[in-house]
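These notes concern the structure reproduced below.
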C-alpha cells in the first residue's frame, strides 16, 4: 500500500494520526510513521536553512557593528584632536568625574558633523580646564540639539549682554525682536530650555547704576534725561509714558530675558560674535522706550 506524502509537523500531525487511529483503526498507523518521518526531514531542512540564515545574519550584524564602531572611533578621535588644539596650560588640578567622562563619550561618539564636533570639543576642553564647568544634564541636552539650532543659538548669543554676576540675558524690545523674529529663535529656545520661559520685569530706576557687559565691553546703565524727578501723583499702571502731565519722570518697565542654567553654559562656547551696530540701535531704542542709556566704561 502506498500513501500520499503529506508533510505536517508538530501537534497537527499527532492529532491527524490519532484521529485516523481512533476513527478507522490502527491499519493506518504507518501513515503516522511516514508523516512523522517526513516532518522530521522537513524540520531538519528548516533547521539547516535556519542555521545558515542565522550565521549570515550574525555576519551582517558583526559587519554592521564593526562599521559602526569604526565610525564612532573616528568621531571620538576627531573630537579629541580638536580638543587638543583648544587646550592651554592653564588647567585645574581637579580630576574630571568618571561618570561625566562616561556620559560624554557615550554621546559624543555618535556626533559626526564637523561643526557639532567642534562644539563638543569646546565642552571637553572647558571641562578639562575647569572640571564642573558643564553639568551632565547639559551634555544630555546637547545630544538632541540640532545643527540648525546650534547655529541659531550662536546667532542669538550675538545679542546677549551679561549682568554683573556673569549671567547672560537679552533685552526684550523691538530692536532685539526684529533681529531674532524671522526664525522665532527667542520663543523656540525658551520652549526647549535654553532661555527663561518668560521675561523678567525691571523698573528703570532699579536698573540705573547697574553694570553690564557686551562681550569684552563694559557699560553703565544711566538715565537718558537730564531731570530725574519721580512722580508720586501717577502710578505705573496709569502712566505708560515716560513723563506725566507736569513733565516729571515716571519709572518705566524694562524687559529682559535671562538664559537658563544650560543656556548659560552653552552661551560661553556658542561662538556668538559682537554686533556694534546692534548696540547703537539698542541705545537709541532704550532712550526712546525706557529713558535709559548705556555709558561705556
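Can you sort 70, 80, 283, 111 so the residue with the fewest Cβ neighbours within 10 Å comes first?
Ordered from fewest to most neighbouring Cβ atoms within 10 Å, 70, 80, 283, 111 come out as 70, 80, 283, 111.
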Determine the distance separating the Cα centre of region 279-297 from the Cα centre of region 47-120; give it in Å without decimals.
48
Could you list 224, 88 in order of exposure, starting from the residue whose Cβ has the fewest other Cβ atoms within 10 Å?
88, 224
If we count other beta carbons within 10 Å of each Cβ, what is the order of 58, 143, fewest first?
58, 143
Tensor-based shape of region 111-209 (alpha-carbon gyration tensor, a/c under 1.5 rounded, otherwise prolate or oblate)
oblate
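The numbers here are math on the coordinates, done by the rules we state, and not lab data. Every value quoted in this text rests on a predicted model; they were computed, and no experiment measured them. Glycine gets a Cβ as well: all are built from the backbone with ideal geometry, and neighbour counts include every protein chain shown.
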